[in-house]
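Visitor: Before anything else, here's the structure in question.
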Amino acid sequence: MRAHGVALRLESCGKTFADGTRALEPVTLDVARGETLVLLGPSGCGKTTLLRLIAGLETPDTCGRILFNNADVTAVPIERRNVGMVFQSYALFPNMNVAENIGYGLKIRGTPESERKARIAELLALTGIEGLEHRRVDQLSGGQRQRVALARAVAAQPSVLLLDEPLTALDAALRERLRGELNRLLRTLGITAIYVTHDQSEAMALGDRIAVMRNGAIAQIGTPRDIYFAPASRFVAEFVGAANIVEAQCKAGALTLPGGTLRVVNGAESGIVLAMIRPESINVVAADGAAFAGLVDSVSFVGDRQRALVSGAAKNPITVDVPHSIPLKAGDRIGLAIDPAAIRLLPREGA
Amino acid sequence: MIVFRRSRRSTRAAIVMTKRAFAGLCLIPLAILVAAFFVLPLARLVATGASGELGIKAYAAILLNERYRTTLTNTVLLAAATTIATLAIATVTGLFLQRHKFPGRALVVAMLTFPLAFPGVVVGFMIILLAGRQGLIGEATLRLFGDKEVFAYSMGGLFLGYLYFSIPRVILTIMAAVEKLDPSLEEAARALGAGPWAVYRDVVLPGLNPAFIASGAIAFATAMGAFGTAFTLATDVAVLPMLIYTEFTLSANFAVAAALSVGLGLVTWAILALARTYGGATVAAAG
Amino acid sequence: MRDRAIFAGQLIFTLLVAAFLIVPALLSMLAGVTANYFRGIRSGLTLQWVLQVWELYSDTIFRSFLIAFAALAVTLVVGVPAAYALHIRNDRLSRAVEEIITLPLAIPGLAIALALILTYGGFAGFRGSWLFILAGHAVFTLPFMVRAVLAVFATIDIKTLDEGAASLGAAPWRRFRDVIVPNARPGILAGSLMVVTLSLGEFNLTWMLSTPLTKTLPVGLADSYASMRLEVASAYTLVFFVMIIPLLIAMQIFAGTRGSAVGAAR
């Protein structure tokens, strides 16, 4: 699909609020045309502030610049920035029906009525809510409101689409379903999109790239695979999926642990290191002859697999995901085989 | 009824029963007070309204008799004008005060709501001080134009008086409503390209509509039933409450006064009932 | 910038409206202590008018306070238990009762006064005493007390406290005295302030119910506006302000930002 929208660039954009809170440290960011960038992080990390800076609802601290296709829009207010924004609470106008809500941006721009009607019909079909034109906002379900909010945001062909936790207000089952639809829609539109969420599975499903944020700064930015398999810090490793973080002595490409030794790929350094191992990358083998072993503390049933807590292998218990084909019970002694490429060494400091 | 039963199973029942009995007891003084000094007198009023020579047709006479009809029309027009003017003024000032912080804001808000508890008579006096024979406006126009403007005792002065007691009340309601507006709606409108006036027209004012209806109804009902202000400004018998007063005290026309009172009461009550469906249970003419 | 101009315009408009409301009040306070209003402040400040007001109208001031506190007593005794009963029962009867006691707020005071006179005017003793005025005030201020107490009951889950006390063996009257009333105190206080303030400022009802021998302060005010010179009327108004403003401030502080639309002006 052809890419639409603008290429986005932020230069040293920070935000300090009037009461002194520093919501965002200066950030420099490039988003390609048509790319979906997800801002992922816990509440208070600055992701919504960053989104609002791009939207034009807030202005960056001095020296910050925002560029749309290399044009400086820092001083342009939101009314003239031509962005499409989907709010967490949807912000649908209760005094207008669905069609009027969707057509509002077009009405402001002076689009003739016939053209407006055609575009509204197009969007209703695109978001799958044909037939709801004349409904009032309070007669819509959560999922329907979300779709109207989306249709309204893209109606006037914005340069960039900004979504502030659009699925958070919905229940889990609906969220799953709409996530897939949203993904398909973003691909179809091919528009540059910035998506804010605190849900890592949403981030990984929707993002071309993910920027993991913490305390007002970007901790790591990269593709979902990069973030998941090669986290740059302990925080990122633990935020995106379950992670075992073990401390070990590294020498000559091998880690020494209470439960045995593990070979690592990039074990050039010596000394004490922090290693991240995902639960699903640990294979259960026979304990006898295993280089690395431990004792099963407890096993819980998680639906599609078992989750075992294994002690004695490292200083703290390790979580291991085990398929049902391998029966386990508390007290079993098992061997743990891990592909060296799946062990990621992290920088030592707490971040 | 206030009995303690020892058995366990019936203790709960006993407590509930005695509680209901106690609750009933608690309502008796209220029942007596309200029945004796409100319900009974109202019934008497309605009966008196029908006791004159016209009988029950006296109630229709309110609309048929020319003098009464004119007075009623004047009162309604005055109340309507007051309501519209008050809503407009309160919206402009209320929006401004709620959305801008500036030094001295608290003081201005206090000044605007301070006359809230003035009785109508005092309001009348305030208007006399502004526009009476020794009034400020009179002095000012005398110095500027050589002609002393005295309008306290005319319809204009009455209108001003009605504004005086309506504005504080309506401003409070409007300011509370402005505070509750969802800011993301306005942001959404701005994101779609709406300039400040469009945002007011399409989002803010429609959002304040319930508050307009509720406070407008209160202002209207209060203005309809206002007596003290008109009394002090001693205007010609141009409003309904004054007419009722003169019919009762000067003409001893009890039946007519009663009928007019009942009519006025019904209209006021109906308007407030309407406001309650939009504004919630805290609405009352408060006087 | 256009924004600055709009801000300035709105500010000026707001200040003009505020001035419209405040200036006459300040003027009247000043006039009450000015020797000669016509000549203005140059004629000097004096308390002679205030003293004259005291000579002429001190009885009205006392009577107003008497009625206000009597109304308070009545609404406390009648209203607080009734609020409790209404809250506990919470059935259709309660809804109906609440409607009925709120009716006096929807009907013009003049009409209520007429109704009372027509019903009880014949009892000369009652008609000519301050108790007649009290009856009107009690009926008019009752809903404010009841609603204020009901509001507090709604927020503190009084039902559970009541049941807790009952499970410990307390009889209904004990529970009312030891648990219900103390916990309803904020509502009782708010209601009391409102009752006293409204009663002191009440005119529409009171004008008709009063006689030349049972005048209250607002009634006296109306008298003075009609027949006394401006300075005396102003001094009298000043006395009224001095009485009412502390109560208003207390209510503001008490209510915080909860906008309860109270007012007696008509």
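The values are calculated or read from the model by the stated rules, or taken from the named source; none is laboratory data. Just so it is clear, the model here is predicted, and its values are computed rather than measured. A quick note on method: Cβ atoms are made from the backbone with ideal geometry, for glycine too, and the neighbour counts reach across all protein chains shown.
Visitor: Here are some conditions: (1) more than 7 Å from chain B (Cβ to nearest Cβ); (2) within 26 Å of C:Ile244 (Cβ to Cβ); (3) free of Cβ contacts under 8 Å to residues at least 24 places away in the same chain; (4) part of a helix (DSSP H, G or I). C:Ile41 meets all but one. Which one does it not meet?
Guide: With respect to (1) more than 7 Å from chain B (Cβ to nearest Cβ); (2) within 26 Å of C:Ile244 (Cβ to Cβ); (3) free of Cβ contacts under 8 Å to residues at least 24 places away in the same chain; (4) part of a helix (DSSP H, G or I), C:Ile41 is out only on (4).
Visitor: Let me ask something else about it. If a residue has to be assigned to a helix (DSSP H, G or I) and more than 10 Å from every other protein chain (Cβ to nearest Cβ) to count, how many in the stretch C:200-219 make the cut? Please lay out each step first, then the result.
Guide: Step one: filter the stretch C:200-219 for residues assigned to a helix (DSSP H, G or I), giving C:200-201, C:204-209, C:217-219.
Checking which are more than 10 Å from every other protein chain (Cβ to nearest Cβ) leaves us with C:209.
Of the residues in the stretch C:200-219, 1 are assigned to a helix (DSSP H, G or I) and more than 10 Å from every other protein chain (Cβ to nearest Cβ).
Residue by residue, here is whether (1) of a type outside the set (Ser, Thr, Tyr); (2) within 12 Å of chain C (Cβ to nearest Cβ); (3) more than 18 Å from the chain's Cα centre (by Cα) holds:
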{"site": "B:Leu205", "(1), (2), (3)": "yes, no, yes"}
{"site": "B:Leu208", "(1), (2), (3)": "yes, no, yes"}
{"site": "B:Gly216", "(1), (2), (3)": "yes, no, no"}
{"site": "B:Ala226", "(1), (2), (3)": "yes, yes, no"}
{"site": "B:Thr229", "(1), (2), (3)": "no, yes, no"}
{"site": "B:Thr249", "(1), (2), (3)": "no, yes, yes"}
{"site": "B:Ala257", "(1), (2), (3)": "yes, yes, yes"}
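Visitor: Looking at the structure I just gave you, is A:Gly64 within 30 Å of A:Val27 (Cα to Cα), of a type in the set (Gly, Ala, Ser) and in contact with a Gly (Cβ under 8 Å, 6 or more places away or on another chain)?
Guide: Numbers: within 30 Å of A:Val27 (Cα to Cα): yes; of a type in the set (Gly, Ala, Ser): yes; in contact with a Gly (Cβ under 8 Å, 6 or more places away or on another chain): yes.
Yes.
Visitor: Identify all residues within the stretch B:112-127 that are at the interface with chain C (Cβ under 7 Å from one of its Cβ atoms) and of a type in the set (A, V, I, L, M); write none if there are none.
Guide: B:Leu112, B:Leu116, B:Ala117, B:Val121, B:Val122, B:Val123, B:Met126
Visitor: Please go through the stretch B:95-106 and pick out each residue that is within 9 Å of chain C (Cβ to nearest Cβ) and part of a helix (DSSP H, G or I).
Guide: Narrowing the stretch B:95-106 to residues within 9 Å of chain C (Cβ to nearest Cβ): B:95-97, B:100, B:102.
Hits for the stretch B:95-106 are B:Leu95, B:Phe96, B:Leu97.
Visitor: A follow-up question, please. Given the conditions (1) more than 14 Å from chain B (Cβ to nearest Cβ); (2) surrounded by 16 or more Cβ atoms within 10 Å (Cβ to Cβ); (3) farther than 30 Å from A:Leu132 by Cβ, report the number of the one that A:Thr16 does not fulfil.
Guide: For A:Thr16, the failing item is (2).
Visitor: For the stretch A:267-291, give me each residue that is modelled with pLDDT under 90 and touching a helix residue (DSSP H, G or I) at 6+ places or on another chain (Cβ under 9 Å).
Guide: A:Gly267, A:Leu274
Visitor: What about B:Leu144, is it surrounded by 23 or more Cβ atoms within 10 Å (Cβ to Cβ) and farther than 17 Å from B:Thr232 by Cβ? Before the answer, list the steps.
Guide: On the way: surrounded by 23 or more Cβ atoms within 10 Å (Cβ to Cβ): no; farther than 17 Å from B:Thr232 by Cβ: yes.
Answer is no for this residue.
Here's the yes/no breakdown for (1) without any contact (Cβ under 8 Å) to a residue 40 or more places away in the chain; (2) in contact with a His (Cβ under 7 Å, 6 or more places away or on another chain); (3) crowded, with 24+ Cβ neighbours inside 10 Å:
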{"residue": "B:Leu208", "(1), (2), (3)": "no, no, no"}
{"residue": "B:Ile213", "(1), (2), (3)": "no, no, no"}
{"residue": "B:Ala221", "(1), (2), (3)": "no, no, yes"}
{"residue": "B:Leu240", "(1), (2), (3)": "no, no, yes"}
{"residue": "B:Ile244", "(1), (2), (3)": "yes, no, yes"}
{"residue": "B:Thr249", "(1), (2), (3)": "yes, no, no"}
{"residue": "B:Ala258", "(1), (2), (3)": "no, no, yes"}
{"residue": "B:Gly263", "(1), (2), (3)": "no, no, no"}
{"residue": "B:Leu266", "(1), (2), (3)": "yes, no, no"}
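Visitor: Another question, then. Among the residues of the stretch A:36-84, how many are among the small types (Gly, Ala, Ser), in a loop (DSSP other than H, G, I, E, B) and either surrounded by fewer than 23 Cβ atoms within 10 Å (Cβ to Cβ) or within 14 Å of another protein chain (Cβ to nearest Cβ) (or both)? Steps first, please.
Guide: Taking the stretch A:36-84 as the starting set, the residues that turn out to be among the small types (Gly, Ala, Ser) are A:41, A:43-44, A:46, A:55-56, A:64, A:71, A:75, A:84.
With the extra rule that they be in a loop (DSSP other than H, G, I, E, B), the set shrinks to A:41, A:43-44, A:46, A:56, A:64, A:75.
With the extra rule that they be either surrounded by fewer than 23 Cβ atoms within 10 Å (Cβ to Cβ) or within 14 Å of another protein chain (Cβ to nearest Cβ) (or both), the set shrinks to A:43-44, A:56, A:64, A:75.
Of the residues in the stretch A:36-84, 5 are among the small types (Gly, Ala, Ser), in a loop (DSSP other than H, G, I, E, B) and either surrounded by fewer than 23 Cβ atoms within 10 Å (Cβ to Cβ) or within 14 Å of another protein chain (Cβ to nearest Cβ) (or both).
Visitor: Within the stretch A:85-105, work out how many residues are crowded, with 20+ Cβ neighbours inside 10 Å and within 26 Å of A:Glu35 (Cβ to Cβ).
Guide: 7
Visitor: Does the stretch B:179-193 include one or more residues that are among the aliphatic types (A, V, I, L, M) and under 26 Å from the mean Cα position of the chain (by Cα)?
Guide: Of all residues in the stretch B:179-193, those among the aliphatic types (A, V, I, L, M) come to B:181, B:185, B:188-189, B:191-192.
If we keep only those that are under 26 Å from the mean Cα position of the chain (by Cα) too, we end up with B:181.
So far as the stretch B:179-193 goes, yes, one or more of its residues are among the aliphatic types (A, V, I, L, M) and under 26 Å from the mean Cα position of the chain (by Cα).
Visitor: Another question about this same structure. Which condition number in (1) in a helix (DSSP H, G or I); (2) more than 8 Å from every other protein chain (Cβ to nearest Cβ) is the one that C:Ile88 fails?
Guide: Here C:Ile88 meets the rest and fails (2).
Visitor: Which of the numbered conditions does B:Leu63 fail, given that it passes all the others? Conditions: (1) touching a helix residue (DSSP H, G or I) at 6+ places or on another chain (Cβ under 7 Å); (2) surrounded by 13 or more Cβ atoms within 10 Å (Cβ to Cβ).
Guide: Here B:Leu63 meets the rest and fails (2).
Visitor: Starting from the stretch B:176-200, take each residue that is at the interface with chain A (Cβ under 9 Å from one of its Cβ atoms) and within 19 Å of A:Met85 (Cα to Cα) and list its partners that are among the hydroxyl-bearing types (Ser, Thr, Tyr) and not in a helix (DSSP H, G or I), counting only C-beta distances under 6 angstrom and pairs at least six apart or across chains.
Guide: From the stretch B:176-200, the pairs are B:Ser184/A:Ser89.
Visitor: Here is a further query. Report whether or not B:Gly161 is within 12 Å of chain C (Cβ to nearest Cβ) and at pLDDT 80 or above.
Guide: Working: within 12 Å of chain C (Cβ to nearest Cβ): yes; at pLDDT 80 or above: yes.
In short, yes.
Residue-by-condition table, conditions (1) over 17 Å from the mean Cα position of the chain (by Cα); (2) at the interface with another protein chain (Cβ under 9 Å from one of its Cβ atoms); (3) of a type in the set (S, T, N, Q); (4) within 17 Å of B:Leu27 (Cα to Cα):
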| site | (1), (2), (3), (4) |
| --- | --- |
| C:Ala71 | no, no, no, no |
| C:Val74 | no, yes, no, yes |
| C:Tyr84 | yes, yes, no, yes |
| C:Ile100 | yes, yes, no, yes |
| C:Gly109 | no, yes, no, no |
| C:Ala124 | yes, no, no, no |
| C:Phe140 | no, yes, no, no |
| C:Ile156 | yes, no, no, no |
| C:Asp162 | yes, yes, no, no |
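Visitor: Let me ask something else about it. Quick check on my filter: what residues within the stretch A:291-348 are surrounded by fewer than 19 Cβ atoms within 10 Å (Cβ to Cβ) and among the charged types (D, E, K, R)?
Guide: Of everything in the stretch A:291-348, those that are surrounded by fewer than 19 Cβ atoms within 10 Å (Cβ to Cβ) and among the charged types (D, E, K, R) turn out to be A:Asp297, A:Asp304, A:Arg305, A:Arg307, A:Lys315, A:Asp321, A:Lys329, A:Asp332, A:Arg333, A:Asp339, A:Arg348.
Visitor: Identify, from the list B:Leu208, B:Leu243, the residue that is in contact with a helix residue (DSSP H, G or I) (Cβ under 7 Å, 6 or more places away or on another chain), of a type outside the set (S, T, N, Q), farther than 30 Å from C:Leu114 by Cα and in a helix (DSSP H, G or I). Can you show your working first?
Guide: Numbers: B:Leu243 fails: farther than 30 Å from C:Leu114 by Cα.
Every option except B:Leu208 fails the conditions.
Visitor: A further question on this structure: Are any residues in the stretch B:147-176 part of a helix (DSSP H, G or I) and surrounded by fewer than 21 Cβ atoms within 10 Å (Cβ to Cβ), and if so, which ones? Steps first, answer last, please.
Guide: Residues of the stretch B:147-176 that are part of a helix (DSSP H, G or I), as a first pass: B:155-176.
Of everything in the stretch B:147-176, those that are part of a helix (DSSP H, G or I) and surrounded by fewer than 21 Cβ atoms within 10 Å (Cβ to Cβ) turn out to be B:Met155, B:Gly156, B:Phe159, B:Ala176.
Visitor: Would a scan of the stretch C:187-194 turn up a residue that is within 12 Å of chain B (Cβ to nearest Cβ), under 26 Å from B:Phe38 (Cβ atoms) and buried (at least 16 other Cβ atoms within 10 Å of the Cβ)?
Guide: Here is the first cut: in the stretch C:187-194, the ones within 12 Å of chain B (Cβ to nearest Cβ) are C:193-194.
Subset that is under 26 Å from B:Phe38 (Cβ atoms): C:193-194.
Adding the requirement that they be buried (at least 16 other Cβ atoms within 10 Å of the Cβ) leaves C:193-194.
The answer is yes; a qualifying residue exists.
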